[in-house]
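Peer 1: Structure below; questions to follow.
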């Protein structure tokens, strides 16, 4: 994926060098006006600040923990749009795109606590014993896909270069999952495990949601011919906050922001 981005940059740099070496501009004016369709590849990343409230059982008071996983991965997709060059150096347009995303992050934690029980009637060994509870939890964050509908405002240089800003609405499919186990063990005199122990319980929850937010960014595009161009662009996307797994005892509020850098190719009709 990085090689494809590097190749796109290399094409842009090479095109710029060729333009500088050219003695005169093209005899026939080039136009950006028209419909286009294309594909893109790139990389995306973002810190999804998360706050979890893990309860012993649903509805009971819980423990609050925070995390800031770096969700990251490759992206690939397609785009289509229309440009209108209304002056020699100015352009407006609209573009829609949809990308598959491999963004993911996961982490795990283990917590153990022990309680000494002095009562002689609690344990089968009729003496002091110790209750130990060990909990293990793994959280996973995913951005499965995203799409945008954006306006573009650009400045055209030397007929074949386009420098643009862009912004609009963004959509995304996000997922959060939690898998947890809790093991209780009672040990009596001499460390012997009491009959019937250990006892283990397990739970697994997952939720997928579609989010709506906004996207802003900028890019540069170079015409290689009247029907083909290459580009590289950056987008910042904000999808707000959502509480996943509400009411399960593992309620987790996630703040979803994302950065995307990608290279693409367009064919104009």
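The values are calculated or read from the model by the stated rules, or taken from the named source; none is laboratory data. Since this is a predicted model, take the numbers as computed values, not measurements. Quick reminder, even Gly has a Cβ in these numbers, built from the backbone with ideal geometry, and neighbours come from all protein chains shown.
Peer 1: Look through the stretch 239-257, keep the residues that are free of Cβ contacts under 8 Å to residues at least 40 places away in the same chain and assigned to a strand (DSSP E or B), and return whichever of them is farthest from residue 136 (Cα to Cα). Reasoning before the result, please.
Peer 2: Residues of the stretch 239-257 that are free of Cβ contacts under 8 Å to residues at least 40 places away in the same chain, as a first pass: 240-241, 243, 246.
Applying the additional criterion that residues be assigned to a strand (DSSP E or B) yields 240-241, 243.
On the way: 240: 29, 241: 26, 243: 21 Å.
Among those that are free of Cβ contacts under 8 Å to residues at least 40 places away in the same chain and assigned to a strand (DSSP E or B), it is 240.
Peer 1: Select from the stretch 170-189 the residues that are at pLDDT below 95 and buried (at least 18 other Cβ atoms within 10 Å of the Cβ) and write down the one among them that is nearest to residue 135 (Cα to Cα). If you could, list the steps in order and put the result at the bottom.
Peer 2: Step one: of the stretch 170-189, the residues at pLDDT below 95 are 177-189.
From the residues that got through so far, the ones that are buried (at least 18 other Cβ atoms within 10 Å of the Cβ) too are 177-178, 180, 186-188.
Values: 177: 16, 178: 13, 180: 7, 186: 15, 187: 17, 188: 21 Å.
So, considering only residues that are at pLDDT below 95 and buried (at least 18 other Cβ atoms within 10 Å of the Cβ), the one nearest to residue 135 (Cα to Cα) is 180.
Peer 1: While we're on this one: Which one of these does residue 58 not meet: (1) under 30 Å from residue 237 (Cα atoms); (2) modelled with pLDDT under 95?
Peer 2: Only one criterion is unmet by residue 58, namely (1).
Peer 1: Additional query: How many residues, within the stretch 81-103, are exposed (fewer than 15 other Cβ atoms within 10 Å of the Cβ) and more than 19 Å from residue 38 (Cα to Cα)?
Peer 2: Qualifying residue count for the region: 5.
Peer 1: Restricting to the stretch 139-169, name every residue that is in a strand (DSSP E or B), crowded, with 18+ Cβ neighbours inside 10 Å and over 13 Å from the mean Cα position of the chain (by Cα).
Peer 2: Let us first name the residues in the stretch 139-169 that are in a strand (DSSP E or B), namely 139-157, 161-169.
Those left that are additionally crowded, with 18+ Cβ neighbours inside 10 Å: 139, 141-143, 146, 148, 150, 152, 154, 156, 161-162, 164, 166.
139, 148, 150, 152, 154, 156, 161, 162, 164, 166, listed by residue number.
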